[in-house]
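Structure record follows, encoded as structure tokens.
The values are calculated or read from the model by the stated rules, or taken from the named source; none is laboratory data. Computed from a predicted structure; not experimentally measured. FYI the Cβ positions are ideal-geometry reconstructions off the backbone, even for glycines, and counts take in every protein chain you see.
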Amino acid sequence: MSMMKIKFPMVPSDYVFKEKYFLKDAKTQPVFFKYKVKFLGGYSQNYTIKWLEIFSRYNGISANITHSEWGPGHYFISDPDIFNDRPDLFVVFLLPQDFYSLSRTSSPMEEISEIRSNIYKFVKECEKKKINIVFSTLETDLISFPDTIKNNSFLSFSIDLNKTLNEINLAYKNVLIFSISNICSGFEFENYVSSRDWYAFGNPFNINASFLTGNYLNNHIRGLLGLSKKVLVTDLDNTLWGGVIGDDGPGNIKIGNETPEGRIFADLQMYIYHLSKRGIFIAISSKNEKHLALEGFMNENSILKITDFANAEINWNIKSESIRSISKFLNVGLESVFFLDDNPVEREEVNSSCPEVLVPNVSDDPFTFLQALKFYDPFCIGVKPLEEDISRNHSIKSIKQQTDLLANVKSYNEFLKNLSIKVTIQKISDKNFDRVLQLNNKTNQFNFTTLRLKQDELSEIMSNQNNLNLTYSVSDKFTNYGLTGIIFLEIGKDKIIVNNWVMSCRVFKKTVEIAILNEVVKVASNKKIMKIHLKYISTIKNSLLLSFLKDNGFQQLRQDTNEFDFQEWVLDLSKKLEFKNYVEVLT
């Protein structure tokens, strides 16, 4: 990730006056996604917009950012014209300065009620149009004017409005609320506002806060595009706890409220624990004697237990080998891994051997571990997890059960028979819309085009009457994997075109893909169609699909390498074909 040019330990003031250099450099990076963002309110947000553009470009996203006219955010949300350029994301700034004039109105409580009503109408309209929204909460510690609103203080109104925003955040999947002060907490500068900047330039918060807000919004956009990491791999000694377990013993490691350092490690463990509850895989890569290392989790102050980890590579192997082993066990790519280690030598070894892994350059101060997790936000915690995310860790037990089963049967085919695999096929609908979008955008290996979709683009595909867009959910005797596959079919007069086909790597090589191909053949046969065309854009990560095509009778029709390695393959159904699988298909 090119964004590693911004090093840790990180102080915003080291970067904020160099935005021209970083913007020029960022624009040399390749673009994989385009995203439209519209700022509403916030008065002058030039610095925030610049840094959002910089961070986005470093992550392969070209952010087209527009800004409303000068004024409060709530003025613009009731204007229907804001939807004309169809943004992917609205960023709505609600600031104390927006509401000081309420004290001059004859009926402030009616105006406050109208503001709430307009916010709800705006959110519902965005939900209907499948547009995401980010609201800033009111920073109540900035309110300093004498209170003149009768029967209801300005501070009470601000708290109540924040409560309304929180209710909306809980009720609507397309909404995120954020606090400027929370974004800025933990970074080394004195304040996040400057009265001089406000009065001179209309900047409601200073350039340090603009830098961090731009980064925060970029992280949220990454999450909305499915670019979040899936695995946190962590060291143990002086990373999850203070001290060396082999030297100090489990009772003397630093974790808990007894020491300042111990409190930091306790907070770090709590953060990681909550990541696991969101469906993030957490794993260990530690050079240690395993029996000694495991004693660290027996410490009464340890929040994490060994059972919270999906995999533990505790040995004397080099760290890159351990991370590769974890990646293989979890069946995820190295680009999905975030590695946390206090030792600069170990970090450099992983950086050199596994450049796909994101390795923050933390210091030996454990506080920078939390700072790195907050700044890089590798798991995009602002995006609400789906049911499939939360249940992902349950599949770890299934992996171990399947390993045991495979060891006790004579062949892989017998193993598949014993799994009792079931596939349930349904059409793409509003009910599974979010999961379909997420799966399409996060999957790299079994993804024939790897072309990412935005919400409006998926909606357009769904509305095309010539398309048959299907999802499939997979289960076996050990676990329910949930919705793990999608296929986009375009039905023509003499051929079916597979515009894209995506499947989670968790169910690959179980003949699920063969069963789905067989279902597509049935659709073609029912319509007396004898050709199935499939679009394939070859990448390093999806190269395994080439053998799938050849093994199942597809022939390459054409290849175009102008922009992508685009290929078109065809399956001739007039030839005798056999698609053997061990799956029961339910519709």
- Query: So is residue 471 of a type outside the set (A, V, I, L, M, F, W, C), buried (at least 20 other Cβ atoms within 10 Å of the Cβ), touching a residue at least 24 places away in the same chain (Cβ under 8 Å) and assigned to a loop (DSSP other than H, G, I, E, B) or not?
  - Reply: no
- Note on the structure: Checked the range 197-217 for anything assigned to a loop (DSSP other than H, G, I, E, B) and touching a residue at least 24 places away in the same chain (Cβ under 8 Å); matches are 202, 203, 204, 205
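Where residues in the range 328-357 are small (Gly, Ala, Ser) and not in a loop (DSSP other than H, G, I, E, B), which of them is nearest to residue 505 (Cα to Cα)?
Residues of the range 328-357 small (Gly, Ala, Ser): 333, 336, 352-353.
So of that shortlist, the ones also not in a loop (DSSP other than H, G, I, E, B) come out as 336, 352-353.
On the way: 336: 13, 352: 26, 353: 24 Å.
Ranking the candidates gives 336 first.
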- Item | Within the range 433-455, tally of residues that are surrounded by fewer than 19 Cβ atoms within 10 Å (Cβ to Cβ) and either on the phi > 0 side of the Ramachandran plot or of a type in the set (S, T, N, Q) (or both) | 2
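Every residue, every condition in (1) among the β-branched types (Val, Ile, Thr); (2) under 20 Å from residue 436 (Cβ atoms); (3) free of Cβ contacts under 8 Å to residues at least 40 places away in the same chain, yes or no:
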| position | (1), (2), (3) |
| --- | --- |
| 485 | no, yes, no |
| 488 | no, yes, yes |
| 493 | no, no, yes |
| 506 | no, yes, no |
| 526 | no, no, yes |
| 532 | yes, no, no |
| 537 | yes, yes, no |
| 558 | no, no, yes |
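Each row is one residue, and each column tells you yes or no for (1) among the hydroxyl-bearing types (Ser, Thr, Tyr); (2) in a helix (DSSP H, G or I); (3) assigned by TED's automatic domain parsing to the domain that holds residue 482.
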{"residue": "510", "(1), (2), (3)": "no, no, yes"}
{"residue": "518", "(1), (2), (3)": "no, yes, yes"}
{"residue": "533", "(1), (2), (3)": "no, no, yes"}
{"residue": "536", "(1), (2), (3)": "yes, no, yes"}
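Tell me yes or no: at least one residue of the range 72-80 is more than 17 Å from residue 209 (Cβ to Cβ), under 18 Å from the mean Cα position of the chain (by Cα) and of a type in the set (D, E, K, R). Walk me through it before giving the result.
We begin by selecting, within the range 72-80, every residue more than 17 Å from residue 209 (Cβ to Cβ); these are 72, 74-80.
Of the ones still in play, those that are also under 18 Å from the mean Cα position of the chain (by Cα) are none.
No.
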- Among the residues listed as 540, 529, 487, the single one being part of a loop (DSSP other than H, G, I, E, B), touching a helix residue (DSSP H, G or I) at 6+ places or on another chain (Cβ under 9 Å) and hydrophobic (A, V, I, L, M, F, W, C): 529
- Task: Report, ordered by the first and then the second residue, all pairs with beta carbons closer than 6 Å, sequence separation of six or more or different chains, a first member in the range 285-311 that is assigned by TED's automatic domain parsing to the domain that holds residue 238 and of a type in the set (A, V, I, L, M), and a second member that is in a helix (DSSP H, G or I) and buried (at least 16 other Cβ atoms within 10 Å of the Cβ).
- Result: 292/245; 293/245; 303/269; 304/269; 306/294; 306/297; 310/396
